[in-house]
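Right, one structure below, let's go through it.
The values are calculated or read from the model by the stated rules, or taken from the named source; none is laboratory data. Everything quoted here is computed from the prediction, not taken from an experiment. Note that each Cβ is placed from the backbone with ideal geometry, even for glycine, and that neighbours are counted across all protein chains shown. Note: accessible area is taken over every heavy atom of the protein model, side chains too, but ligands, DNA and RNA are not part of it. Shrake-Rupley method; radii C 1.70, N 1.55, O 1.52, S 1.80 Å.
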Amino acid sequence: MREHSEYGPGEASEEPLVRPYVIAQGRGRSDTVQLDMISVVIAAKRVEVDEVALEPEQLRILELCRRPQSVAEVSAHLDIPVGVVKALLSDLLNRGLALARAPYTSKSPVNRDVLQAVLDGIQKL
């Protein structure tokens, strides 16, 4: 009797195949945070991370987001569907482990008070 393999003929992988909905605990999108593909995400600095409480993919996201990344870039780098990345990022944002913002556009009004408030918030981290 032939054993069932999770890989096709001639395929091999260092990591086992895991369906995306398992990674995101059955969620295909973010529950509470509205992110789009060009939202910029960065890992929060000076925050202790309980690695046991996070999924391995969330730890990989935090590592990748030491520098600002768009949601689409995170998805591409980690080869995880965008919807799953959004769900995982939602958890990280809600725990204060990451920060996100909409990308700046030339149509976005920039106000000195808003910039100062953002700077003050970042310095508190």
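Brief remarks on what is shown
- In region 113-125, the residues that are at pLDDT below 75 reach residues that are hydrophobic (A, V, I, L, M, F, W, C) with C-beta atoms within less than 7 angstrom, at least six apart or across chains, in these pairs: L125/A44.
- For region 75-90, a residue qualifies if it is in contact with a helix residue (DSSP H, G or I) (Cβ under 8 Å, 6 or more places away or on another chain) and not in a helix (DSSP H, G or I), and the qualifying residues are I80, P81.
- Scanning region 63-88 for residues that are of a type in the set (V, I, T) and modelled with pLDDT of 90 or more, we see that the one that is surrounded by the most Cβ atoms within 10 Å (Cβ to Cβ) is V74.
- Members of region 41-74 found to be more than 18 Å from L99 (Cβ to Cβ) and in a helix (DSSP H, G or I), listed by number: E51, V52, A53, P56, E57
- Some residue of region 91-99 being of a type in the set (D, E), in a helix (DSSP H, G or I) and open to solvent by less than 70 Å² (accessible area, probe 1.4 Å): yes
Listed here are the residues, each with its yes/no results for (1) touching a Lys or Arg at 6+ places or on another chain (Cβ under 7 Å); (2) modelled with pLDDT under 90; (3) among the β-branched types (V, I, T).
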| residue | (1), (2), (3) |
| --- | --- |
| L35 | yes, yes, no |
| E55 | no, yes, no |
| I61 | no, no, yes |
| A102 | no, yes, no |
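- Filter result (open to solvent by 90 Å² or more (accessible area, probe 1.4 Å) and without any contact (Cβ under 8 Å) to a residue 24 or more places away in the chain) within region 31-59: Q34, E48, D50, E51, V52
- Enumeration of residues in region 37-54 that are in contact with a helix residue (DSSP H, G or I) (Cβ under 7 Å, 6 or more places away or on another chain) and more than 15 Å from D91 (Cα to Cα): M37, I38, S39
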